[in-house]
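Chemist: Got a structure for you, questions after.
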Amino acid sequence: LAELAPPLSGGLLREALEVAREILYEGKRARVLAALAPQLSGDLLREALEAAREIRDERARARALAALAPQLPEDQRAQALREALEAAREIRDEWARAWVLAALAPQLSGGLLQEALEAAREIQDESARAEVLAELAPRLPEDQRAQALREALEAARKIRYEPARAEVLAELAPRLSGDLLREALEAAREIQGESARARVLAELAPQLSGGQQREALEQARQIPHE
């Protein structure tokens, strides 16, 4: 049903929404509502919003609300995003919570963005916390952006499992500059696994200045394939 959503219109769209509301598995119901969302307006949009709010599973409810929010009038959009963020903060599994917060990030601003930042800082798992902070950072005011990136880098450096640490450092690389970039380069050089170290060095290289860039690329090239 989710795959059929784009071409639906009129009576078929209403029928699809009715079918979606009858889906017992809440995760699938949320996916279908999210797939239908771009096509909805008027009464159908209001019905879909009501259906999203009826979902008990926090992750599924947040996903459906986040997908419907862009279609709503501005006042209702803010309320739907607030409800999605509240649902996200109630998710017990930290990775699931982080995934939803990161997915919400592009739609957040003002007070909701600050609440999401607070929620990100409450995540204990370093990988999950670093990834959410990295997603939120570009949307923050400049002074907060630098602090969020610093916290993300600090969290990344604490990740014990090297491939995971390398993955997070590589994702952070395009957002870093100045002292944070130098710290990330230092963190990359500390990675023992050669493939993981090479990946981070390659991602950092475009952000580096001439001499550092050549050195990082040369170090990456000298690492044999594992």
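Values quoted throughout were computed directly from the atomic coordinates according to the rules given, and no laboratory measurement underlies them. Nothing here was measured: the structure is a model prediction, and the numbers come from that model. Neighbour counts run over all protein chains shown; Cβ positions are idealised from the backbone, glycine included.
Chemist: Among rounded, prolate and oblate, which fits the range 108-157 when a ≥ b ≥ c are the square roots of the eigenvalues of its C-alpha gyration tensor, a/c under 1.5 means rounded, and a/b larger than b/c means prolate?
Modeler: Oblate.
Chemist: I'd like the orientation of helix 194-204 relative to the chain: the angle between its Cα long axis and the longest Cα principal axis, in ° from 0 to 90, rounded to 10.
Modeler: Once rounded, the angle reads 80 degrees.
Chemist: What ranking do 20-28, 148-156, 67-75 get when scored by the average of other Cβ atoms within 10 Å per residue, highest first?
Modeler: Result, highest mean Cβ count within 10 Å first: 148-156, 67-75, 20-28.
Chemist: For the chain, find the longest principal axis of its Cα atoms and tell me its angle to the long axis of helix 210-222, 0 to 90°, nearest 10.
Modeler: It works out to around 90 degrees.
Chemist: For the chain, what is the calculated [θ] at 222 nm in deg cm²/dmol (nearest 500), taking -39500 (n - 2.57) for each run of four or more DSSP H residues and dividing by its residue count?
Modeler: -22000 deg cm²/dmol
Chemist: Could you tell me whether the range 86-135 comes out rounded, prolate or oblate from its Cα gyration tensor? Rule is a ≥ b ≥ c as square roots of the eigenvalues, rounded for a/c under 1.5, then prolate if a/b exceeds b/c, otherwise oblate.
Modeler: Since a/c reaches 1.5 and a/b is larger than b/c, the shape of the range 86-135 is classed as prolate.
Chemist: A follow-up question, please. Once both labels are modelled 7 Å past Cα along the beta-carbon direction, what's the residue 22-residue 142 spacing in nm?
Modeler: About 5.7 nm, to one decimal.
Chemist: Taking square-rooted eigenvalues a ≥ b ≥ c of the alpha carbon gyration tensor, is the chain rounded, prolate or oblate, where a/c under 1.5 means rounded and, failing that, a/b exceeding b/c means prolate? Intermediate values should be presented prior to the final figure.
Modeler: On the way: a/c = 2.58, a/b = 2.18, b/c = 1.18.
Taking the square roots of the gyration eigenvalues as a ≥ b ≥ c, the chain is prolate.
Chemist: Note down the nm distance, to one decimal, between modelled labels 7 Å out along Cα→Cβ at residue 54 and at residue 209.
Modeler: It is 6.2 nm.
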